[in-house]
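Participant: The following block contains the structure, expressed as structure tokens.
The values are calculated or read from the model by the stated rules, or taken from the named source; none is laboratory data. On a predicted model such as this, the values are computed, not experimentally measured, just so you know. With ideal geometry, Cβ positions are generated from the backbone for all residues, glycine too; neighbour counts draw on all protein chains shown.
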Amino acid sequence: MSGATHRGSTLPTLAGALLAGLIFGIGLILAGMSNPAKVLAFLDLAGDWDPSLALVMVSGIAVTRVGLLIGRHTGRSASGEPFHASSHRPADRRLLAGSALFGLGWGLAGFCPGPAVVAVGAGYLPALPLAAGMLIGLWVRRPAGGAH
């Protein structure tokens, strides 16, 4: 059954993605990023600032950087698929507006997308409106023709 595919992905690739997602979710929970109070304390630079999430972010950036370097060098992803890195483009109005909305949502809700999904999965019902908003945003901005 290793040849089974779903939208061009092999079953081992999908299983690897599931495993990576589970590890990522567990890491978010262990780091406290699924706790909105901890996230809001990190964002509160003028008050009782909690810098511990900066270590989580720096660690994520470092791991991503290593993956990008390996992918660019080999031309393949960890699953063996061709590696496609995004191109560098200058910031435009859409990027700046999206960044501002992301930051506003993060500050108001205490969640960014990954931890919001983890919180909903863990049964934290106050995260449901944010998750619903993310799904609506994804649906509104889906690629033309419904491609994924």
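Participant: Report, by residue number, each residue of segment 49-82 that is hydroxyl-bearing (Ser, Thr, Tyr) and closer than 27 Å to Gly16 by Cα.
Facilitator: Ser59, Thr64, Thr74, Ser77, Ser79
Participant: Quick one: Arg72 ticks every box in (1) in a loop (DSSP other than H, G, I, E, B); (2) without any contact (Cβ under 8 Å) to a residue 40 or more places away in the chain bar one, so which box is it?
Facilitator: If we test Arg72 against (1) in a loop (DSSP other than H, G, I, E, B); (2) without any contact (Cβ under 8 Å) to a residue 40 or more places away in the chain, just (1) comes out false.
Participant: Go through segment 133-148 and count every residue that is of a type in the set (A, V, I, L, M, F, W, C) and over 16 Å from the mean Cα position of the chain (by Cα).
Facilitator: So the answer is 5.
Participant: Which of (1) modelled with pLDDT of 85 or more; (2) in a helix (DSSP H, G or I); (3) hydrophobic (A, V, I, L, M, F, W, C) is the odd one out, the single condition Ala119 does not satisfy?
Facilitator: (1)
Participant: Name the one entry in Ala46, Ala119 that is of a type outside the set (Asp, Glu), closer than 29 Å to Gly16 by Cα and either loosely packed, with under 11 Cβ neighbours inside 10 Å or under 15 Å from the mean Cα position of the chain (by Cα) (or both).
Facilitator: Within the list Ala46, Ala119, the selection yields Ala119.
Participant: Then there's this: If I ask for residues that are charged (D, E, K, R), surrounded by 12 or more Cβ atoms within 10 Å (Cβ to Cβ) and free of Cβ contacts under 8 Å to residues at least 60 places away in the same chain, which ones from segment 76-116 would you list?
Facilitator: If the condition is that a residue be charged (D, E, K, R), surrounded by 12 or more Cβ atoms within 10 Å (Cβ to Cβ) and free of Cβ contacts under 8 Å to residues at least 60 places away in the same chain, then Arg76 is the only one that fits.
Participant: While we're looking at this one, here's another question. Just give me the residues in segment 40-65 being closer than 30 Å to His84 by Cβ and of a type in the set (S, T, N, Q), in sequence order.
Facilitator: Within segment 40-65, Ser59, Thr64 qualify.
Participant: Residue check: is Thr64 at pLDDT 85 or above and either under 15 Å from the mean Cα position of the chain (by Cα) or within 20 Å of Ala131 (Cβ to Cβ) (or both)?
Facilitator: Yes: the conditions hold for Thr64.
Participant: Of the residues Ser52, Ser34, Ser99, Ser9, which is over 16 Å from the mean Cα position of the chain (by Cα), modelled with pLDDT under 85 and not aromatic (Phe, Trp, Tyr)? Lay out the reasoning, then the answer.
Facilitator: Values: Ser52 fails: modelled with pLDDT under 85; Ser34 fails: over 16 Å from the mean Cα position of the chain (by Cα); Ser99 fails: over 16 Å from the mean Cα position of the chain (by Cα).
When all the criteria are applied, what remains is Ser9.
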